[in-house]
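Notes follow the structure.
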Amino acid sequence: MEPIQTKEVDQFIESLNDHTKEITESLRELIFQTSPNITEEMKWGKPCYIENGLVCYLQTAKNHVNLGFYFGAALKDKDNLLEGTGKKMRHIRVKQLDDIQPNEFSALIQEAVDLET
């Protein structure tokens, strides 16, 4: 099944500076590769990814992109990648393309999807 990318998120990504656009596109692709049934929509001003519930989001800043997990505090995070101290949410701050660890990030995304099923 082809991932369902939305025009809204396409337009959001187009508006980013080159540095964060590249990171955001790579993370978006990784999310869709990890789970073919995931859907995306713009919520709360950022791309959000949903499969049977909220899974993760991409929050952009001038010089980095956060790959955020709505229920990150419940994830095992065996590689200690997650930051944050909130009751539920955690994120990984990605400052450059080289910071993306496809296998480790995919494992966290899949675990977040599994939490919702």
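The values are calculated or read from the model by the stated rules, or taken from the named source; none is laboratory data. Keep in mind that this is a model prediction, so the values were computed, not measured. Cβ placement follows ideal geometry from the backbone for every residue including glycine, while neighbour counts extend to all protein chains displayed.
Only one of (1) within 10 Å of the chain's Cα centre (by Cα); (2) in contact (Cβ under 8 Å) with a residue 40 or more places away in the chain fails for Ile92. Which number is that?
Checking Ile92 against (1) within 10 Å of the chain's Cα centre (by Cα); (2) in contact (Cβ under 8 Å) with a residue 40 or more places away in the chain, the one that fails is (2).
What's the total number of residues in the stretch 4-21 that are under 15 Å from Val55 (Cβ atoms), at pLDDT 95 or above and surrounded by fewer than 16 Cβ atoms within 10 Å (Cβ to Cβ)? Step through it out loud before you land on a result.
To start, the set of residues in the stretch 4-21 that are under 15 Å from Val55 (Cβ atoms) comprises 4, 9.
When the remaining residues are screened for being at pLDDT 95 or above, the result is 9.
Still in the running and surrounded by fewer than 16 Cβ atoms within 10 Å (Cβ to Cβ): none.
Counting residues in the stretch 4-21 that are under 15 Å from Val55 (Cβ atoms), at pLDDT 95 or above and surrounded by fewer than 16 Cβ atoms within 10 Å (Cβ to Cβ) gives 0.
Looking at (1) of a type in the set (S, T, N, Q); (2) surrounded by fewer than 19 Cβ atoms within 10 Å (Cβ to Cβ); (3) farther than 17 Å from Thr117 by Cβ, which one does Asn66 not meet, given that it meets all the others?
(2)
Residues Glu29, Glu22: which one is in contact with a helix residue (DSSP H, G or I) (Cβ under 8 Å, 6 or more places away or on another chain) and charged (D, E, K, R)? Can you show your working first?
Numbers: Glu29 fails: in contact with a helix residue (DSSP H, G or I) (Cβ under 8 Å, 6 or more places away or on another chain).
Only one candidate passes the filter, namely Glu22.
Can you say whether Thr24 is touching a Pro at 6+ places or on another chain (Cβ under 9 Å) and either free of Cβ contacts under 8 Å to residues at least 40 places away in the same chain or surrounded by fewer than 16 Cβ atoms within 10 Å (Cβ to Cβ) (or both), as far as the supplied structure shows?
For Thr24, the condition - touching a Pro at 6+ places or on another chain (Cβ under 9 Å) and either free of Cβ contacts under 8 Å to residues at least 40 places away in the same chain or surrounded by fewer than 16 Cβ atoms within 10 Å (Cβ to Cβ) (or both) - is not met.
Please pick out the residue among Val65, Val113, Val94 that is under 27 Å from Ile13 (Cα atoms), touching an Asp or Glu at 6+ places or on another chain (Cβ under 6 Å) and of a type in the set (A, V, I, L, M).
Details: Val65 fails: touching an Asp or Glu at 6+ places or on another chain (Cβ under 6 Å); Val94 fails: touching an Asp or Glu at 6+ places or on another chain (Cβ under 6 Å).
Checking each option against the conditions leaves just Val113.
Considering only the stretch 61-117, how many residues are acidic (Asp, Glu) and part of a loop (DSSP other than H, G, I, E, B)? It would help to see each step written out before you state the result.
Within the stretch 61-117, the subset acidic (Asp, Glu) is 77, 79, 83, 98-99, 104, 111, 114, 116.
Among the residues that remain, those that are also part of a loop (DSSP other than H, G, I, E, B) are: 77, 79, 116.
Going through the stretch 61-117 one residue at a time, the tally reaches 3.
Run Thr39 past the list (1) surrounded by fewer than 16 Cβ atoms within 10 Å (Cβ to Cβ); (2) over 12 Å from the mean Cα position of the chain (by Cα) and report the number of the one that doesn't hold.
Status for Thr39: all satisfied but (2).
State which residue is surrounded by the fewest Cβ atoms within 10 Å (Cβ to Cβ) when the search covers only the stretch 50-60 and only residues that are touching a residue at least 40 places away in the same chain (Cβ under 8 Å) and in a strand (DSSP E or B).
Looking only at the stretch 50-60, we keep the residues that are touching a residue at least 40 places away in the same chain (Cβ under 8 Å), and these are 51-56, 60.
Applying the additional criterion that residues be in a strand (DSSP E or B) yields 54-56, 60.
Numbers: Leu54: 19, Val55: 27, Cys56: 30, Thr60: 21.
Among those residues, the one meeting the criterion is Leu54.
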